[in-house]
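Shown next, in structure tokens, is the structure this report addresses.
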Amino acid sequence: MSDQSRQPVLQLEQLTRVHGSGATEVHALRGVNLSVFPGELVAVMGPSGSGKSTLLTIAGGLDNPTSGKVVVEGTDITQVTRKELAALRRRSIGYVFQDYNLIPALTAAENVALPRELDGTSARKARVSALAALEEMGLSHLADRFPDEMSGGQQQRVAIARALVGDRRLVLADEPTGALDSETGESVLALLRSRCDAGAAGILVTHEPRFAAWADRVVFLRDGSVVDETIRTDAESLLAGSGTGTGGQAGAK
Amino acid sequence: MSIRHGLLALLEQGPRYGSQLRTEFESRTGATWPLNVGQVYTTLSRLERDGMVVPGGDDDAGHPLYAITDAGREELRQWFERPVDRTSPPRDELAIKLAMAVGAPGVDIQAVIQAQRHATLKAMQDYTRLKAQALIAVESGGDLQDNARGRDDMAWLLVLEQLIFQTEAEARWLDHSESRLVRLSATAKRGATPPPAEPAPRTAESAPARASRRR
């Protein structure tokens with residue numbers, strides 16, 4: 001892969017998060033390093049309490065680390081003002097939740113347009129980019145539907161469109177398939193995968209190995225530390241029987 | 001794996017010769033279970049002995065053909081109707097390994113589990129990438145009935161998904177085993193029992209339940 005020369009969309013450096021203090025101190029994250037490059041989907045797996053949700057909320061600027069850096073598109077979001085952070089979140093970071101979180105009173109197109117409108121884009125321009133995002137993901141037919149007129153899988157696909165509308169390139173997905181049946185969950189994953197193939201960077205938190213398997217890398221968290229990581233090989237290596245051998249270090253133990 | 005019934009199913013679509021059967025078997029199953037021509041001919045001669053196939057002349061290129069008989073069709077029909085036999089599951093090396101690792105001196109069972117989980121997830125990633133390609137092929141393909149290519153693509157997709165679900169089951173079982181071990185060792189620590197280097201502690205939970213294992 002030629003990723004080395006490119007800038008990561010997201011870079012977590014020595015990320016630590018401690019909840020509480022003294023005797024009740026809990027280390028949710030202990031010095032986590034993780035970079036996600038354009039075109040890459042990274043799955044984070046681990047038992048409950050391993051820190052995977054904390055990692056995602058900090059990466060998305062919804063929580064602050066106790067120490068460490070969170071660099072999104074070149075900016076350390078732990079060092080910016082509250083206002084700058086809000087702007088960064090609107091422009092650069094898309095979140096996808098288990099329960100879709102679409103606004104019920106707005107149509108799919110309006111939901112997708114919302115982050116851009118909040119960012120000061122005119123309503124007309126925001127709608128144009130929302131429709132473009134929906135079309136790119138094969139969802140044009142849903143544009144004028146309200147959330148309660150869509151299936152769970154359709155809502156989640158619209159949520160992915162909202163996460164990646166405009167110039168946003170980072171999508172953080174927290175158990176996005178948790179409320180979906182197996183086949184629908186898979187179609188949501190296929191969409192996420194294709195958006196990453198088209199240049200977005202994604203982190204997927206999941207406890208479902210079958211969905212994690214759509215990722216380029218799978219990172220295993222235990223007690224707030226990365227204990228292991230799979231490394232991508234070429235799609236053909238399984239059939240051709242010729243591994244690519246991109247260096248075999250498998251994360252710090 | 002039943003080569004015998006696989007060959008009968010292919011022969012039901014018309015007479016075929018040996019290496020043709022091998023090729024078709026592999027294109028259906030994506031070469032997941034490679035066959036050699038020797039196996040095909042051995043199986044064909046057993047089928048012939050049992051009256052399920054008969055020699056069916058030669059094709060234009062002089063290949064000797066085999067054709068299915070009525071008895072063969074009946075056997076095939078019964079095979080499709082009968083569930084696969086589960087009374088003697090194949091030996092599973094991983095299950096045996098973990099069973100042996102429980103309480104084994106000097107074995108870090110969590111490290112054993114993680115090493116396997118890594119490999120299992122890696123295999124799933126590879127299968128999933130192949131599956132993404134297979135899905136594209138299936139969705140661009142046509143009718144399954146009279147389209148050999150589309151039928152092979154669909155069959156390959158089903159086989160790939162079976163591999164994915166099987167590796168998933170393994171990954172889930174590993175997760176489950178790990179959390180069980182962690183919970184039990186936490187309970188053991190709280191009870192101020194001696195260090196866990198003792199051979200086979202906590203047998204009350206696991207070993208006797210397996211006492212009825214077949215040999």
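The values are calculated or read from the model by the stated rules, or taken from the named source; none is laboratory data. Values in this document were obtained by computation on a predicted structure and should not be read as measured data. Methodologically, a virtual Cβ is constructed for each residue, glycine included, from the backbone with ideal geometry; neighbour enumeration extends over all protein chains shown. Heavy atoms of the whole protein, side chains included, go into the accessibility calculation; ligands, DNA and RNA do not. Shrake-Rupley method; radii C 1.70, N 1.55, O 1.52, S 1.80 Å.
In the Gaussian network model of chain B, springs joining C-alpha atoms below 10 Å, which of B:Ser177, B:Ser140, B:Ser88 carries the largest mean-square fluctuation?
Taking springs between Cα atoms under 10 Å, the residue moving most is B:Ser88.
Please list, in order along region A:134-150, the HN-Hα scalar couplings obtained from phi with the Karplus expression 6.51 cos²θ - 1.76 cosθ + 1.60 (θ = phi - 60°), rounded to whole Hz, x for Gly and Pro.
So the J values, rounded to whole Hz, are 5, 5, 4, 9, x, 10, 3, 5, 9, 3, 9, 8, 8, x, 6, 9, 10.
Restricting to bridges with both residues inside the protein assembly as shown, how much of the DSSP beta-bridge set is antiparallel, in percent to the nearest 5?
Details: 24 of 41 bridges.
Of those bridges, close to 60 percent are antiparallel.
With no solvent and one equal point scatterer per Cα, compute the Debye intensity ratio I(q)/I(0) for region B:47-86 at 0.29 Å⁻¹ and report its log10, rounded to two decimals.
Values, matching the q order: -0.90.
Convert 10 °C to kelvin, take the viscosity as 1.306 mPa s, use the Kirkwood radius over C-alpha pairs of the protein assembly as shown as Rh, and evaluate the Stokes-Einstein diffusion coefficient in µm²/s, rounded to a whole number. Each step should come with its number before you reach the end.
Values: Rh = 25.8 Å.
The estimated diffusion coefficient comes to 62 µm²/s.
Treating the beta-carbon of each Lys and Arg as +1 and of each Asp and Glu as -1, no other charges, what is the dipole magnitude of the protein assembly as shown about its Cα centre, to the nearest 20 debye? Working shown, then result.
Numbers: 54 positive and 60 negative charges, 339 e Å.
In debye, rounded to 20, the protein assembly as shown gives about 1620.
Just want the answer: with Cβ charges of +1 for Lys and Arg and -1 for Asp and Glu, which residue in B:Trp156, A:Leu131, A:Val112 is farthest toward the dipole's positive end in the protein assembly as shown?
Projecting each Cα onto the dipole axis, the largest value belongs to A:Val112.
Can you give the translational diffusion coefficient of chain A in µm²/s, computed by Stokes-Einstein from the Kirkwood radius over Cα pairs at 25 °C and 0.890 mPa s? Each step should come with its number before you reach the end.
Details: Rh = 18.8 Å.
Estimated diffusion coefficient is 130 µm²/s.
B:Ala61 versus A:Asp223, label points 7 Å from Cα toward the beta carbon: distance in nm?
If labels sit at B:Ala61 and A:Asp223, their model points lie 6.3 nm apart.
Translational diffusion coefficient, Stokes-Einstein: compute it for region A:71-199 using the Kirkwood radius over C-alpha pairs as Rh, at 25 °C and 0.890 mPa s, and state it as an integer in µm² s⁻¹. Present the calculation step by step, with values, prior to reporting the outcome.
On the way: Rh = 14.8 Å.
Rounded, D is 166 µm²/s.
Along the charge dipole of the protein assembly as shown, which of A:Gly153, A:Thr75, B:Gly38 sits closest to the positive end, that is, farthest toward it, with unit charges on the beta carbon of Lys, Arg, Asp and Glu (+1, +1, -1, -1)?
Of A:Gly153, A:Thr75, B:Gly38, it is A:Thr75.
Given Cα pairs under 8 Å that are at least 6 residues apart, what percent is the relative contact order of chain B? Numbers along the way, then the final one.
Details: 165 pairs, mean separation 41.1, N = 215.
With pairs under 8 Å counted, the relative contact order is 19 percent.
Give the separation of the Cα centroids, region A:112-140 to region A:157-176, in Å.
Between the Cα centres of region A:112-140 and region A:157-176 lies a distance of 12 Å.
For chain A: lysine pairs with Cα atoms under 25 Å, gap of 8 or more or different chains, count?
Working: A:Lys52/A:Lys69; A:Lys52/A:Lys253; A:Lys69/A:Lys83; A:Lys69/A:Lys253; A:Lys83/A:Lys125.
Within chain A, the lysine pair count is 5.
Only protein chains counted, 1.4 angstrom probe. Which residues of region B:163-177 are at least 30 Å² less accessible in the assembly than when their chain is isolated?
Residues meeting the cut-off: B:Phe165, B:Glu168, B:Arg172.
Hey, got the dipole for region B:93-197? About the Cα centre, +1 on K and R Cβ, -1 on D and E Cβ, debye to the nearest 20?
Details: 12 positive and 13 negative charges, 152 e Å.
About 720 debye.
Per 5 Å bin from zero, what fraction in whole % of the C-alpha pairs of region B:93-197 is there, up to the bin with the longest pair?
2, 11, 16, 16, 12, 10, 9, 7, 6, 5, 3, 2, 1, 0
How large is log10 of I(q)/I(0) for region B:3-81 at q = 0.13, 0.17, 0.18 Å⁻¹ when the intensity is taken from the Debye formula with one equal scatterer per alpha-carbon?
Reported log10 I(q)/I(0), two decimals: -0.35, -0.60, -0.67.
State the answer as a single residue: which of A:Val18, A:Pro176, A:Thr121 lies farthest towards the positive end of the charge dipole of region A:7-232, with beta carbon charges of +1 for Lys and Arg and -1 for Asp and Glu, about the Cα centre.
Toward the positive end, the furthest listed residue is A:Thr121.
Quick query: amide H of A:Val171 versus all other amide H atoms, modeled in the peptide plane; which residues come in under 5 Å with a sequence gap of 5 or more or a different chain?
Counting only residues 5 or more places away or on other chains, the set is A:Gly94, A:Ala201, A:Gly202, A:Ile203.
So what's the gap between the Cα centers of region A:64-80 and region B:94-126, to the nearest angstrom?
If you average the Cα positions of each part, the centres end up 37 Å apart.
Which whole-number percentage describes the relative contact order of chain A, with Cα contacts under 8 Å and a sequence gap of 6 or more? Display every interim value, and only then the final one.
Details: 505 pairs, mean separation 65.0, N = 253.
Once normalised by length, the contact order is 26 percent.
Quantify how strongly other chains surround peptide B:116-127 by giving the mean number of their Cβ atoms within 10 Å of each of its Cβ atoms.
On the way: counts 0, 6, 9, 1, 3, 12, 7, 3, 8, 15, 9, 3.
Average per residue, whole number: 6.
Could you derive backbone 3J(HN,Hα) for region B:58-67 from the dihedral phi with the Karplus parameters 6.51, -1.76 and 1.60 (θ = phi - 60°), listing whole Hz in sequence and x where the residue is Gly or Pro?
Those phi angles translate into 10, 8, 4, 8, x, 6, x, 9, 10, 10 Hz.
With solvent modelled as a 1.4 Å probe, how much accessible area in total do chains A and B shield from it at their shared surface, in Å² to the nearest 100? Walk me through the numbers before you get to the answer.
On the way: alone 12420 and 14330 Å², together 24560 Å².
Roughly 2200 Å².
So how strong a dipole does region A:7-232 carry about its Cα centre when Lys and Arg Cβ are +1 and Asp and Glu Cβ are -1, to the nearest 20 debye?
Details: 24 positive and 28 negative charges, 124 e Å.
Taking the Cα centre of region A:7-232 as origin, the dipole is about 600 debye.
For B:Val182 and B:Val84, what is the calculated FRET efficiency with R₀ set at 30 Å and r taken between the beta-carbons, to the nearest 0.05? Don't skip to the answer; put the middle values down first.
Numbers: r = 35 Å, r/R0 = 1.17.
Calculated value: 0.30.
Once you have the Cα-Cα distance between B:Ile136 and B:Val107, take 0.36 nm times their residue separation minus that, and quote the gain in nm to one decimal.
On the way: separation 29, 0.36 × 29 = 10.44 nm, distance 4.44 nm.
Full extension of this stretch gives 6.0 nm more.
Taking R0 as 22 Å, what FRET efficiency do you get between B:Met100 and B:Arg190 from their Cβ-Cβ distance, rounded to the nearest 0.05? Walk me through the numbers before you get to the answer.
Values: r = 27 Å, r/R0 = 1.23.
The value I calculate is 0.25.
Using the Cα atoms of chain B, I'd like the radius of gyration and the largest Cα-Cα distance, Dmax, both in angstrom.
For chain B, the Cα-based Rg and Dmax read 24.0, 81 Å.
Tally the DSSP beta bridges in chain A and give the antiparallel ones as a percent, rounded to 5. Please report the intermediate quantities before stating the final value.
Details: 19 of 36 bridges.
Here the share of antiparallel DSSP bridges comes out near 55 percent.
Can you work out the FRET efficiency for the pair A:Gln98 and B:Arg91, with r the C-beta to C-beta distance and R0 = 41 Å, to the nearest 0.05? All intermediate terms of the calculation are to be shown ahead of the outcome.
On the way: r = 39 Å, r/R0 = 0.95.
Taking R0 as 41 Å, the efficiency between A:Gln98 and B:Arg91 is 0.55.
Near the amide H of B:Ala67, under 5 Å away, which other amide H atoms are found, from residues 5 or more places off or on another chain, if H is placed in the peptide plane?
Here B:Val54, B:Gly56 satisfy the definition.
Over all residues in B:131-140, what is the mean tally of Cβ atoms on other chains that come within 10 Å of each residue's Cβ?
On the way: counts 4, 7, 2, 0, 3, 1, 0, 0, 0, 0.
Partner Cβ neighbours, averaged per residue: 2.
Based solely on its DSSP helices, what 222 nm [θ] is calculated for chain A when runs of n ≥ 4 H residues each add -39,500 (n - 2.57) and the sum is averaged over all residues, nearest 500 deg cm²/dmol? Please list the in-between numbers first.
Details: 8 runs with 80 residues, N = 253.
Calculated mean residue ellipticity at 222 nm is -9500 deg cm²/dmol.
Specify the inter-centroid distance of region A:182-209 and region B:40-73, based on alpha-carbon positions, in whole Å.
Cα centroid to Cα centroid, the span is 48 Å.
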